[in-house]
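First up is the structure itself, then whatever we jot down about it.
The values are calculated or read from the model by the stated rules, or taken from the named source; none is laboratory data. All of these numbers come straight from a predicted model, not from anything done at the bench. All Cβ positions, even for glycine, are placed from backbone atoms using ideal geometry, and neighbour counts span all protein chains on display.
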Amino acid sequence: MTRKRPVAALLFFILPFGLLFAAFYLAPIGYAIKQSLYTVERTGTFGPAREVFGGLVQYQRVFADGPFWESIGRVLLFGVVQVPVMLGLALLLALLLDSGLVKGRRFFRLAFFVPYAVPGVVAAIMWGFLYSPNLSPFTTLTSKWDLLSADLVLWAMANVVTWVFVGYNMLIIYSSLLAIPQEVYEAARLDGAGAIRTAWSIKIPLVMPAIVLTTVFSIIGTLQLLAEPQVFRTFSSAVTSTYTPNLTVYSTSSIPNFNLAAAFSVVLALATCLLSFAFLKVTQRGGDK
Amino acid sequence: MRFPMRSLGIVLTSALALTACSNGGGDDDAASTAGAASCAPSSGPVTLNYTTWIPGIEKVVKVWNDANPNIQVKVQTGPNGNGGTYQNFFNQLKAGNAPDLGHIEYDALPSFRVQDGLENLAGCSEVTAAKDQFVDWTWGQVTFGEENSVYGVPQDAGPMALFYRKDLFEKNNIPVPTTWDEYAAAAEKVKSAGGYITNFSQSDINQFAGLSWQAGGRWFANDGAKWTVNFADENTTKVANYWQGLIDKKLVSAVPPWTTEWDNAYNTSKAWTWVSAVWGANSIMSGAPDTSGKWAVAPMPQWTAGGTVAGNWGGSATAVFKGSKHPYEAAKFALWLNTSEEALTMLNSEAQLYPATKAGASLPALKQGVEFYGGQPIYDVFAQASTQVAADFVWGPTMTSTYATASDGFKGAVSGSTTLPDALKKAQDATIQNLKSQSIPVAE
């Protein structure tokens, strides 16, 4: 290695990404944090608003907001159930594709992935119709169990999210399975391991990093749930304007109360960071043993 | 694991830096005061941007553009106000790139005014001179009942009446209700004939507001120094208890409004009436095509027998946004759009808008029988209702959130976890909270 660093070349390669990252990621976050520290003042019933520095006033409001914390609890419950189910399915499908038991592997790989190509809003509308007690093609089922009622609507949405993302997560796990060197399988076969034994003791441990990655993605996705509840709000009397944290942010910004909405967003982002980190820390400790 | 931690650090530091640099920049906006804009004509040709969701507006604007080469209007259409256009307006105002003209419903005008988003057109003598052309209460909505303030040109109105299935009422010998008591009695009979008298709107609170408006409920008051918020006055509570009663007895269905399911309920004769605004005529036509010729329109049921009070649901104004460089031309276009016979006729034929002008009620197009309603000249009923709408209903400055919280509660009432009066009380508390969080003075 030479001591002389090709600074110009480095800059040349980093700059495009750096600029876009700064413009579309750092600057908006910075602006949101700035907004969240301000509050408005006005005189009279229609006096124009003056933005003044308010310190943590907006954050006090966020922490005093019952529905917001309820919505965080709701998405956590959602995540605790939906993420393992979805990733379990994704792993199972990936293992099946990889096992050689399936004929037409290419076809199935694509077929499992297709729902991800359907835009989330379209998927939610489509499922909304399937769930509808009066319009569903399965009215015998939907009129018996109202999938849009307060008890079931969360899980009805979990089903939509699972449907959309199973294929996507499967693909990540599957590509990681393809990267396992053949020698390992040979060694396993020589030791007398069958297909199930190989899957359990070799494949799953070796794709653990991919599973951890998809879990982190899913945790982030769960906390940011927006499209599905937003669409289901029109169908279901159980979905309120503060059903998920992101929906709260959306409703607040449409008042418009940008400062409070910014504070909600910052708190939500921090909560997401915290959870993802906590998960990574826990799994990392497990891996070090 | 280290990468995210570091990036978080970067984010926080850069954010702090940004905050530090930009401190003290925020006070400039305060310089703009509530005074009326000077309304001087611009020199040379002008292009105005106009955002609305009126179907077929392009045709109307083309007529104007052909006749006014020096004031060209570029129209942009989008979803209806609460469906996303208001959010866009607020964002554009914040970013300083709002269009010159925008479509704003009366209930949203205070929200835009409180965000300092509207140009006061009281300086335009053409606008103030047009006052007498408009139905009194619509003018009250754009002036907020104040002197020297006009925050938009009234466009249309939504006087309410009773749409009902004439064929089914006749077949089952149910008299057309003229009072709310009769309406409740009819509901029982409709139920035993296998239908629902109507569908209670759980998420569009505007209908309920119109019903309260008729009953004498007044949700907001503004004395210049403070807002008063009251969703629990005697009259509103009377309306809330009435509908809660119908919900409890399962006499009304509760399909979410503005969905295919809702249309389906009307199209398959499950719902027999709808107390709605004049533009509802179009909603039924497009949503329930199989019931053509079977509907009729009667005046709204009354709280006292023989009464003549109507409610209003909807209606909008054409407003000029703050920051428009051409308020004079914008006002001129808005006046043509909302007072000239050619524009009003087109707006009615394209979008069934019901004009806010007094003369508009006698447009030839509004005198004809409508085939879908058995040939009945239905607009006569609305023309009468339009004169029966009380002029003193005031909207609050944060209706978006009021509607959202009220709707959350109404949904609960429909599914049995709360009641309409409780939902209204909760919406009132949330609204007061919301006003406070934006430093809008409000009486406790």
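So the values come out like this:
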item	result
Residue within segment B:205-227 that is closer than 23 Å to B:GLY412 by Cα and surrounded by fewer than 19 Cβ atoms within 10 Å (Cβ to Cβ) present	no
Single unsatisfied condition, A:VAL102 versus (1) over 30 Å from A:LEU213 (Cβ atoms); (2) more than 12 Å from every other protein chain (Cβ to nearest Cβ); (3) not in a helix (DSSP H, G or I)	(1)
Members of segment B:409-444 that are within 10 Å of another protein chain (Cβ to nearest Cβ) and assigned to a loop (DSSP other than H, G, I, E, B)	B:SER415, B:GLY416, B:SER417, B:GLN438, B:SER439, B:ILE440, B:PRO441
Residue match in segment A:173-188 (condition: under 18 Å from the mean Cα position of the chain (by Cα) and in a helix (DSSP H, G or I))	yes
Selection from segment A:237-261 of residues that are farther than 19 Å from A:LEU76 by Cβ, in contact with a Lys or Arg (Cβ under 8 Å, 6 or more places away or on another chain) and of a type in the set (Gly, Ala, Ser)	A:SER237, A:SER241
Residue within segment A:132-154 that is assigned to a helix (DSSP H, G or I), out of contact with any Leu (no Cβ under 9 Å at 6 or more places or on another chain), at negative phi and touching a residue at least 40 places away in the same chain (Cβ under 8 Å) present	no
Looking only at segment A:240-260, and only at residues there that are within 11 Å of another protein chain (Cβ to nearest Cβ) and in contact (Cβ under 8 Å) with a residue 40 or more places away in the chain, the one that is nearest to the chain's Cα centre (by Cα)	A:LEU247
B:GLY323 being touching a residue at least 60 places away in the same chain (Cβ under 8 Å) and under 21 Å from the mean Cα position of the chain (by Cα)	no
Subset of segment B:314-349 [in a strand (DSSP E or B) and over 30 Å from B:ILE205 (Cβ atoms)]	none
Qualifying residue in segment B:256-270 (condition: more than 29 Å from B:GLN384 (Cβ to Cβ) and acidic (Asp, Glu))	yes
Those residues of segment B:247-277 which are away from chain A (no Cβ under 14 Å) and crowded, with 18+ Cβ neighbours inside 10 Å, in sequence order	B:LEU251, B:TRP272, B:THR273, B:TRP274, B:VAL275, B:SER276, B:ALA277
In segment B:81-137, residue surrounded by the fewest Cβ atoms within 10 Å (Cβ to Cβ) [restricted to those that are outside any helix (DSSP H, G or I) and charged (D, E, K, R)]	B:ASP116
Search result, residues across segment A:262-289 that are assigned to a helix (DSSP H, G or I) and either crowded, with 22+ Cβ neighbours inside 10 Å or charged (D, E, K, R) (or both)	A:ALA262, A:ALA263, A:PHE264, A:SER265, A:LEU268, A:LYS281, A:ARG285, A:ASP288
Segment B:52-80: number of residues that are in a loop (DSSP other than H, G, I, E, B), closer than 30 Å to B:THR402 by Cβ and in contact with a strand residue (DSSP E or B) (Cβ under 9 Å, 6 or more places away or on another chain)	5
Near pairs, Cβ below 7 angstrom, 6+ apart or cross-chain, from segment B:269-296 (on the phi > 0 side of the Ramachandran plot and in contact (Cβ under 8 Å) with a residue 12 or more places away in the chain) to any residue that is small (Gly, Ala, Ser) and surrounded by fewer than 17 Cβ atoms within 10 Å (Cβ to Cβ)	B:GLY293/B:GLY374
Residue match in segment B:388-398 (condition: over 16 Å from B:ASN206 (Cβ atoms) and part of a helix (DSSP H, G or I))	no
Residues of segment A:103-125 satisfying the condition of being exposed (fewer than 14 other Cβ atoms within 10 Å of the Cβ), more than 13 Å from A:PRO229 (Cβ to Cβ) and either of a type in the set (A, V, I, L, M) or touching a residue at least 24 places away in the same chain (Cβ under 8 Å) (or both)	A:LEU110, A:ALA111, A:VAL114, A:ALA117, A:VAL118, A:VAL122
Selection status of A:ILE72, among the β-branched types (Val, Ile, Thr), within 11 Å of chain B (Cβ to nearest Cβ), within 27 Å of A:PHE279 (Cβ to Cβ) and surrounded by 13 or more Cβ atoms within 10 Å (Cβ to Cβ)	no
Residue under evaluation A:VAL80, criteria (1) more than 14 Å from every other protein chain (Cβ to nearest Cβ); (2) touching a residue at least 12 places away in the same chain (Cβ under 8 Å); (3) among the hydrophobic types (A, V, I, L, M, F, W, C), criterion not met	(2)
Residue within segment B:234-242 that is within 19 Å of B:VAL275 (Cα to Cα) and basic (Lys, Arg) present	yes
Checking B:PHE220 against (1) within 14 Å of chain A (Cβ to nearest Cβ); (2) free of Cβ contacts under 8 Å to residues at least 60 places away in the same chain, the condition it does not meet	(2)
Test: residue in segment A:223-238 that is facing chain B (nearest Cβ under 7 Å) and among the β-branched types (Val, Ile, Thr)	yes
Single match in B:GLN244, B:GLN202, B:GLN214, B:GLN207 (criterion: within 14 Å of another protein chain (Cβ to nearest Cβ) and among the polar types (S, T, N, Q))	B:GLN202
Search result, residues across segment A:233-263 that are over 28 Å from A:PHE53 (Cα atoms) and modelled with pLDDT of 95 or more	A:TYR243, A:THR244
All positions within segment A:40-64 that are more than 7 Å from every other protein chain (Cβ to nearest Cβ), closer than 30 Å to B:ASP223 by Cβ and touching a residue at least 24 places away in the same chain (Cβ under 8 Å)	A:GLY54, A:GLN58
Tabulated pairs, segment A:159-184, first hydrophobic (A, V, I, L, M, F, W, C), second outside any helix (DSSP H, G or I), C-beta under 8 angstrom, 6+ apart or interchain	A:VAL161/A:LEU225; A:VAL164/A:VAL118
Matching helices (runs of 4 or more DSSP H) fully within segment B:222-302 where at least 2 residues are over 21 Å from A:THR139 (Cα atoms)	B:234-248, B:280-287
Inter-residue pairs, beta-carbon under 6 Å, first hydroxyl-bearing (Ser, Thr, Tyr) and in segment B:354-367, second assigned to a strand (DSSP E or B), 6+ apart	B:TYR354/B:ASP156; B:TYR354/B:ALA157; B:THR357/B:PHE134
